[in-house]
Each structure stands twice: as structure tokens, then as C-alpha cells.
1. Obtain the nm distance between the two label points defined at residue 499 and residue 413 by a simple spin-label model: each point lies 7 Å from its Cα along the Cα-to-C-beta direction.
2. If each DSSP helix of 4+ residues adds -39,500 (n - 2.57) and the sum is divided by the residues in the chain, what number results at 222 nm, nearest 500 deg cm²/dmol?
3. What distance in nm lies between label points placed 7 Å from Cα along the C-beta direction at residue 157 and residue 204?
4. Specify whether the C-alpha gyration tensor of the stretch 414-467 places it in the rounded, prolate or oblate class, a ≥ b ≥ c being the square roots of the eigenvalues: rounded for a/c under 1.5, otherwise prolate if a/b is larger than b/c and oblate if not.
5. Cα gyration tensor of the stretch 334-512, axes a ≥ b ≥ c as square roots of the eigenvalues: rounded (a/c below 1.5), prolate (a/b > b/c) or oblate?
6. Based on the Cβ-Cβ distance of residue 318 and residue 508, what FRET efficiency does E = 1/(1 + (r/R0)^6) give at R0 = 25 Å, to the nearest 0.05?
7. After finding the eigenvalues of the alpha carbon gyration tensor for the stretch 305-368, what semi-axes result from the square roots of 5 times each, listed largest first in whole Å?
8. For a quick protection proxy, order the peptides 392-398, 177-183 by their average other-Cβ count within 10 Å, most packed first.
Ligand SMILES: [Fe+2]
């Protein structure tokens with residue numbers, strides 16, 4: 001049975017076809033009609049002077065005969081209720097069905113003569129099939145070209161717009177956004193490899209819902225998507241290949257979870273033997289994925305896997321770099337019981353203040369390093385001065401005051417620290433201009449340096465020093481209130497005071513465990 005239909009082309013050959021039909025009517029008493037694949041009459045060469053007695057009955061008979069001819073994929077010879085001979089020929093080429101050519105006798109109770117009409121009908125059939133087939137081929141090529149063009153455009157965009165150096169979370173968000181723009185699906189799930197199915201309700205399975213859905217998904221639908229995503233992810237791991245399910249209802253393993261979702265595609269995020277997780281797309285009831293959508297999703301998953309691999313490498317390098325810096329700073333600070341953990345705490349306070357100020361990820365990352373490195377210049381200043389319990393002489397004070405510039409000189413050749421240099425140089429400047437090394441005032445002092453100054457002062461006040469014991473948090477906050485606007489930036493200091501409970505809580509727990517943990521959040 002032919003299932004592919006095409007558009008019947010009649011217009012350009014109408015004159016020629018009508019001439020052949022006219023020949024048949026006059027010479028053989030045969031009238032010809034042409035119906036398209038949907039059953040519409042597109043060419044009528046019947047003789048109006050000899051119509052069938054019952055047009056409705058005739059129409060029903062022809063519709064049924066054409067449908068039968070299409071179903072059988074062959075010519076049919078019938079006799080209509082009036083006893084007229086009828087011949088129906090399917091118009092088709094290369095398994096594409098375009099319609100039917102119907103020839104019938106103009107006289108009641110009269111058979112059609114194959115011998116006399118066959119050659120002309122075959123000629124008409126050839127004209128119709130040939131022209132329609134060519135038009136269909138051109139249309140198909142045009143459609144295919146348009147699809148290819150769109151596909152290339154989308155693949156190019158995927159390739160170009162996923163940033164090469166992205167954090168994993170950014171990649172996930174971008175891929176979800178891109179997937180919704182190229183395919184029509186209800187929701188997407190992203191499962192990171194190494195996750196456990198026990199983390200349903202949390203963990204590393206992120207579900208994204210189509211922005212085209214007006215209503216927010218119900219709790220049941222969320223659970224359904226998550227359960228199906230985990231099951232498909234497991235299937236992908238076992239097979240190492242795409243899992244495509246046209247009907248979840250008919251899948252023996254998945255039907256138990258399926259209710260509102262109809263079909264699914266699960267694509268492994270894989271580069272060679274490294275498996276980073278799965279991307280799962282779902283369609284709702286009545287909808288299925290096309291082969292075109294499968295192709296796009298495969299391309300998206302392939303690109304995502306490469307970016308994911310690069311992101312993991314960058315994150316590993318970042319982590320290695322940061323841990324080496326931390327090791328260096330800890331090694332220097334651990335020589336002095338009083339300053340042990342100081343830079344780590346200042347770093348944490350600095351980052352938190354940056355977050356509270358709404359700074360972006362890049363600025364916060366810079367603050368993270370600057371906070372940790374702010375006192376690196378104390379390396380090289382004799383312990384006898386740094387650890388002196390009594391009052392410092394003028395020379396000793398001047399020597400200590402060189403540590404911001406010493407710090408800059410120590411690390412200025414390392415590209416990754418470039419943005420930290422102004423923070424390190426100016427973290428002892430004062431808002432009133434009485435600080436060092438440059439006596440900058442107010443907003444002349446870089447923002448990062450003003451933030452570090454607040455964090456540094458708070459930690460200095462709440463930790464023991466060789467020359468005095470620590471102040472209580474309460475007292476430390478009072479002092480910070482006093483120096484707001486003179487020593488410290490008024491707004492940044494206020495931010496710390498407004499969040500005093502959070503800072504005091506972290507300060508106490510960090511002092512109890514001076515080395516702390518990496519990237520510990522205050523909250
Ligand atoms: Fe300092």
C-alpha cells in the first residue's frame with residue numbers, strides 16, 4: 001500500500017489533457033475525471049449533457065472506488081449503480097501516490113472498451129504522473145535543502161555559542177535553552193554521571209521545563225519526568241548508545257512510570273570512553289520525536305559532551321591552581337600561631353561581601369584570590385618584626401608597611417594574578433586618605449581593596465594578635481561602626497554590620513578550626 005502522497009500537477013497540461021479527454025468522449029463515449037490524492041476533483045471532462053441521474057450516488061461510488069484503487073495500488077474496473085463501466089487508474093510514480101484518473105461510459109448499462117480507450121488513458125496517466133513526479137521531486141529537494149540549511153545553521157550556532165571555557169553549570173543551562181529552541185519538547189533532564197538514582201528529589205538530575213508551556217508542571221509530572229530520566233539514563237549506561245522510546249506506554253520497563261509523557265530520547269554525553277552523563281528529552285501525549293529532531297539532539301549532545309570534558313579539565317586545573325596558592329599561603333602563615341588561617345578567613349569574608357554586593361562571578365573569583373593573597377608580601381619580613389609582642393619602632397612599622405608593595409612585586413609576573421594586584425597594593429589605604437602605600441582617598445581606592453580592608457579589619461579584631469587578645473564580636477562590630485567612613489568604606493562596612501550574625505557565626509567556627517575547608521561558605 002502506498003502511504004506517501006504528493007501534490008497532483010494539472011494546470012500546465014490542462015489543455016492537452018482536456019483535448020485527449022474530448023477525443024475519448026466524442027469517439028468512444030467515455031468521460032474522464034481526475035481526482036487528487038485527497039479526493040478533490042481537479043479536472044472534469046465529463047459531458048454535461050449526459051450526467052448521471054443521481055450525482056450524490058455517483059460521487060459516493062467514485063470516492064469508494066478511488067479509495068479502493070489507492071488501497072490496492074492497482075487499476076480497478078467496476079460497474080456503477082447505473083450499469084456504466086468505470087475504470088479507475090492510480091496516478092503514481094516511484095511509490096508516491098498523486099491521485100486517480102477515472103474513466104466511465106456516458107451511457108447507462110454500457111461497458112468500457114479497454115482496447116479502444118486504453119492507449120489514450122495511458123497517455124493521460126503518463127502526463128499526469130510524470131509532471132507531478134517532477135514537481136514532487138523539486139518540492140522534496142527544496143524541503144530537504146531548507147531543512148539542511150536550518151540544521152547547519154543550528155549546528156553552527158551550537159558550536160559557536162557554547163563558550164569553550166564554561167563552568168559545568170553554565171553548559172547545562174545553555175544546552176537546555178538551545179534544545180528548547182531547536183526541538184519541540186515538554187521537558188529536558190540532565191543527569192551527571194556518577195549520580196545515584198537514590199538522589200531522586202535532588203542530586204545531579206536537573207529538569208528544565210519548556211518555556212512554551214503556560215502552566216507550571218504538577219508535582220506528579222515532575223516526579224514522572226525524574227523517574228523516567230533515571231531509568232533512561234541507566235539504559236544509556238548499559239547500552240552505551242541512544243535510547244529512543246516512541247511510546248513510553250508500550251515500553252515494558254518504563255510504562256509503570258509513564259502518565260503524561262509520551263515519548264523520550266536519551267542521549268549519552270560521551271567523548272571516547274569518558275561518559276559525562278545523559279541528556280533526556282520528553283514529549284507529551286500525542287507527540288513523537290522526528291528523525292530530524294533526533295539528529296539535532298545527537299549533535300547537541302555530542303557538542304555538550306566535548307564542552308563538558310573541557311569544563312571538567314578547566315575546573316580541575318582551577319582547583320589545582322587554587323589549592324597550590326592556598327598551600328603556599330598556609331605554609332607562610334603557619335609559621336605564626338597568631339596569623340594562622342587569617343588569609344583564609346579574610347578570603348571568605350571578602351567573597352561573601354562581594355556576593356552581598358551583587359558582584360558577578362568573575363569579580364567574585366578575583367576577590368577569592370585577592371583575599372587569599374592580600375598579605376603574601378609579609379613573606380620576607382623578619383619574624384622578629386612580625387611576631388614582636390611589644391610596640392613597634394618607627395623603622396619596624398615602616399618595614400611592615402611595605403608588605404602591600406612587596407606582595408605585588410612577588411606575584412606581578414603571574415598572569416593569573418593580574419586583576420588581584422590593585423587589591424593587594426591598596427588593601428591598607430583608608431577612606432580618609434591616611435592609609436598606605438599611596439594615601440588614596442574614597443573611591444580612588446579600588447573596590448576590591450575596600451572590600452578586603454573591611455574583611456581584614458573584622459578578622460584582625462576578632463582573632464588573637466601577639467600584641468593583644470581578640471575582641472568579642474560585639475566589640476569588633478562597635479569598632480567597625482566607629483571607623484565607618486574614616487578608615488573603612490561606609491557602605492561596605494554597613495553591609496557587614498547588617499549581616500553581623502552570619503559573619504560572627506563563621507568567624508567563631510573558623511577560629512575553632514583555623515585551616516578551615518576550601519571555599520567554605522559563611523552561611
Ligand atoms: Fe595586610
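1. With each label placed 7 Å out from Cα toward Cβ, I get 3.8 nm.
2. Working: 16 runs with 262 residues, N = 523.
Estimated from H runs of four or more residues: -16500 deg cm²/dmol.
3. Placing both labels 7 Å along Cα→Cβ, they lie 3.0 nm apart.
4. Working: a/c = 2.12, a/b = 1.27, b/c = 1.67.
It is oblate, given that a/c is not under 1.5 and a/b is not larger than b/c.
5. Details: a/c = 1.33, a/b = 1.07, b/c = 1.25.
Rounded shape, in that the Cα axes give a/c under 1.5.
6. Details: r = 30 Å, r/R0 = 1.18.
After rounding, the FRET efficiency stands at 0.25.
7. 26, 19, 6
8. Values: 392-398: 11.3, 177-183: 18.0.
Top of the packing list down: 177-183, 392-398.
No lab work stands behind these numbers, since they all come straight from the coordinates. Worth saying up front: this structure is predicted, and the values here are computed from it rather than measured. So basically every Cβ, Gly included, is an ideal-geometry build from the backbone, and we count neighbours across all protein chains shown.
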